[in-house]
Structures are given as C-alpha cells and as structure tokens.
Amino acid sequence: MSDDTTITLSEAAREHLGVLSGDDVTTIQAEVERFVRWAGADRELVQLTAHQVASYAETLAGSVTDAARRGDAVKKFLAFANKAGYTTTNLGTHLRIKRGSRRTNNVPALQAIEMRDEDKAALVTELESLKVQRPQIIDDIKRAMADKDFKENAPLDAARERQAYVESRIRKLEMTIDLAVIVEAAEGPKGDVVQLGSTVVLRNLNADKDVSYTLVRPAEVNASQGRISFQSPVGQAVLKKRPGDEVEVVAPSGTIRFRIERVES
C-alpha cells in the first residue's frame, strides 16, 4: 500500500471497503465508488479540498432523504480517511445536504442495465433467497419484542436492522432485474489492444505511480477489486488504445495524464 502522503482516493476507497462489515456494505460501496469517480480516482487524497467536498453535495439528486443517505456513505469514507491519517481533518463535515435543493421530480429517468444472462440469473437467485428470509425475520422480531426491556434489546435491534437491509436489497434487486437488458458474453480480449474485459496497467504521469484496472460493464463495477466501467472517464480514454499510448482524463480535480504500460487478458 502507498504511504500516507501519496495514497490516492481509489486506494483509500479499496482499503475502506475492504474492512467494512454489516448489512449496508453494498449501498456504501456504490456511493463511495461514485464519489471517487467524481473526485478523480487517481488523485492523491491529500489534494482533496473542503470546497470540493462541499460541491459534491450538489450532485446528489433525489429527495432530501435519499441525498442524505448517499451523503452519509461518503461521510463515512472521509471519516475513515481522517482516522487513518490520510487527511489532516475530517473533510466529511463539509458535505451538507440542503433541504429542498433536490426534488424527486428532477430525478432522471431510469436507464437499462446491460448484463449477461448468468448475471441476471444470479440476481434472481439472490432475490428469491431474500424473500424466503422474510417470515423468519418477522418471527425474530416478535420473539425479541417479547422482552419488554427495550432499552437494551440487542436482538430486537439486530432483527430490525436485518429487516431494513433485506427489504432495501429486495427493492434494489427488483428494480435492477426490471431494467436488465441481456447482452451476449463478450469474447475474451485478444492482443494488446484495450477492450472490454481487459486488465490494463497505467502509469499515472501526474503522481508517477502505476495503477491497474479491469474494464467491465456498468453492472459489474467493483472499485474494491479495481473493476471499472468501460463507460467511465478512464475506461473511455483507454479503450482501443495500446501500450505506450498516452491519454488524458478530465476530473473535477483537474486533468490526469496516463501512459498505458501493458494490457493483460
């Protein structure tokens, strides 16, 4: 891992997501990945400013409740960065959601989500598994509520938290499945041209260090594993390029230059 003064947002996010536990990991991961892409994945964390963090709040579309939930995930990441010594202050305190600044009728229309048939099947299996858990969770809540000492009722709190996660995950899975568009599995990348499925090693010429990404479809993105969308700024910049080519990626923090070192299948 990089030393404290040169760690990038992407590296810090991977470390943060790697130690998370609990039922809200999936939600936190999605929001942290979005923030990292917005701020510049390969930007050094110490270069992030309070003003830029405050500006990020303006990108959180949806109702005030939704925006606050998404903002909280980013705040947890920035609090982690401060506790780990990667920033001198907790920049998360500057991310404030303005009441009434976003309305639900301004939320953009949902778009189709491309995925392979086996990926959709896996989501359907997970959805059915979660629905089966509903009766058991309700029974757990009833048993825990039989204990009248609600002040220190850890089983009741745990059961309710589990129920909240399961219901949230069910809604997300149902929406994803409804929007799913099946695409043919792409052939494995061939040669030294960057393609969908390629793992590409890049030299960040601004920071003078190497980073590695695998280009995948949006539904397969996982920042903790270095899997980025081929539609992301970095993905679009390196797609169809070869080792030795240099590209520029424009991020809110500024322009980042990369040189493609090698392409792996």
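Only the coordinates and a few stated rules stand behind these numbers; no lab work does. Keep in mind that what you see is a predicted model, and the values were worked out from it rather than measured. Counting neighbours? That spans all protein chains shown, and the Cβs are built from the backbone with ideal geometry, glycine included.
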_Two-site FRET efficiency, residue 143 against residue 193, from Cβ-Cβ distance with R₀ of 41 Å, rounded to 0.05_ = 0.10
*Can you give the FRET efficiency for residue 210 and residue 125, using 1/(1 + (r/R0)^6), R0 = 35 Å, r = Cβ-Cβ distance, to the nearest 0.05?*
0.40
_If I take every Cα pair under 8 Å that is 6 or more residues apart in region 117-182, average their sequence separation and divide by the length, what percent do I get for the relative contact order?_
49 percent
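Kindly put 60, 78 in sequence by how many other C-beta atoms sit within 10 Å of each C-beta, fewest to most.
By the 10 Å Cβ count, ascending: 60, 78.
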_Can you give the FRET efficiency to the nearest 0.05 for residue 117 and residue 30, using r as the Cβ-Cβ distance and R₀ = 35 Å?_
0.95
*Convert each backbone phi in region 127-137 into a coupling constant with the Karplus relation 6.51 cos²θ - 1.76 cosθ + 1.60 (shift: θ = phi - 60°), then list the ³J(HN,Hα) values in order as whole Hz, x for Gly and Pro.*
4, 5, 5, 5, 5, 5, 6, 3, x, 5, 5
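Multiply the residue separation of residue 231 and residue 66 by 0.36 nm, subtract the distance between their alpha-carbon atoms, and state the gained length in nm to one decimal. Don't jump to the answer; show the numbers that get you there.
Working: separation 165, 0.36 × 165 = 59.40 nm, distance 2.48 nm.
Using 0.36 nm per residue and subtracting the Cα-Cα distance, I get 56.9 nm.
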*asked:* Can you compute the modelled spin-label distance between residue 171 and residue 157, with each label point 7 Å from Cα toward Cβ, in nm?
replied: 2.4 nm
*Full extension from residue 47 to residue 98: what is 0.36 nm times the residue separation minus their Cα-Cα distance, to one decimal in nm?*
15.8 nm
*State the extension gain, in nm to one decimal, for the chain segment bounded by residue 222 and residue 90, taking 0.36 nm per residue of separation less the distance between their alpha-carbons.*
45.0 nm
*Taking 248, 44, 220 and counting other C-beta atoms within 10 Å, the order from fewest to most*: 248, 220, 44
